[in-house]
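The values are calculated or read from the model by the stated rules, or taken from the named source; none is laboratory data. Just so it is clear, the structure is predicted and the values come from calculations on it, not from any experiment. Cβ: placed from backbone, ideal geometry, glycine included. Neighbour counts: every protein chain shown. Ligands, DNA and RNA are excluded from the accessible area calculation, which covers all protein heavy atoms including side chains. Shrake-Rupley method; radii C 1.70, N 1.55, O 1.52, S 1.80 Å.
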Amino acid sequence: MGTAHANGVWLPGAREPIDWQISPTIMAAAAGNAIAGRSDGTPQPRLFRAANATEADAVKDAGLRPGDQIYRLDTDWVEELGPEGWKVVKTYRAVPYAPYGAYAQHGLGYSPTGDDHAWLYWVDGEQVTIQAHIRWASGAPTLWNSSFPARIYLPEDLPMRYIDQNLGTLGVAHCTIGSNQRMGYVAGVWGSYSDGVDTTGLMYAAVTFIADGEGSAAMAQGSPETWTTNSSFSVRFTYIT
């Protein structure tokens with residue numbers, strides 16, 4: 001008569017006609033697996049659509065399962081329910097963010113309020129891409145010194161994870177100081193510096209510029225040159241969150 005397995009899969013005997021051996025129970029299990037798209041009986045994650053945050057919150061309160069997703073029409077991104085709650089796992093357009101507040105003390109060491117700046121990010125699964133540009137419209141910025149190099153603000157809810165992919169070069173950088181321009185790179189650095197300014201124990205993105213084609217200099221006060229009015233820098237890099 002063949003063998004019926006616990007997962008609902010039935011295997012006929014070597015000489016048995018399949019059609020005559022399928023019982024209603026096996027048919028029901030097979031139909032359920034077909035609807036779920038899986039052979040172990042576990043339902044597939046579901047994708048919902050919401051117009052805005054209010055509608056998304058209403059869906060989240062409906063008792064969804066881990067793996068379920070919500071597409072937000074207003075932000076053009078997808079949120080997924082995971083072990084630690086909801087998080088953005090896919091953005092279909094750039095998301096602007098403001099690097100202010102308490103988190104700013106772990107960033108570049110200055111307040112960009114009143115300056116010309118733009119901060120954007122994209123998310124694709126665990127991968128985050130940052131694009132930032134800032135120009136000091138008036139006055140010279142005060143940055144931390146080279147022993148505590150300036151770093152790039154990350155979105156507060158998308159911290160950088162300490163893994164091999166986030167060590168070494170993450171992306172490129174460019175600065176203009178007066179009439180001089182410098183190319184550079186972005187690398188992941190570890191927090192909790194000994195001077196006690198940063199005790200978060202998080203990873204950050206630090207900028208190093210190539211100085212006059214000889215050696216390199218971390219972005220800091222007076223490095224690679226003295227930052228002045230209209231000095232600017234831009235970066236683009238990708239890290240794992």
| query | Across segment 50-70, what is the number of residues that are open to solvent by 60 Å² or more (accessible area, probe 1.4 Å) and either part of a helix (DSSP H, G or I) or not assigned by the TED database to the domain that holds K87 (or both)? | reply | 4
| segment 128-170, subset surrounded by fewer than 19 Cβ atoms within 10 Å (Cβ to Cβ), touching a Ser or Thr at 6+ places or on another chain (Cβ under 6 Å) and assigned to a strand (DSSP E or B), residue modelled with the highest pLDDT | T129
| said: Quick check on this structure: which one of Y110, Y92, Y97 is modelled with pLDDT of 60 or more, under 30 Å from V207 (Cα atoms) and out of contact with any strand residue (DSSP E or B) (no Cβ under 8 Å at 6 or more places or on another chain)? | reply: Y110
| query | Yes or no: D115 in contact with a strand residue (DSSP E or B) (Cβ under 9 Å, 6 or more places away or on another chain), modelled with pLDDT under 80, acidic (D, E) and closer than 27 Å to Y185 by Cβ? | reply | yes
| Meets criteria (of a type in the set (D, E), modelled with pLDDT under 90 and not assigned by the TED database to the domain that holds N166) for E84 | yes
| query | Is there a residue in segment 204-213 that is assigned to a strand (DSSP E or B), at pLDDT below 90, more than 26 Å from K87 (Cα to Cα) and open to solvent by 50 Å² or more (accessible area, probe 1.4 Å)? | reply | yes
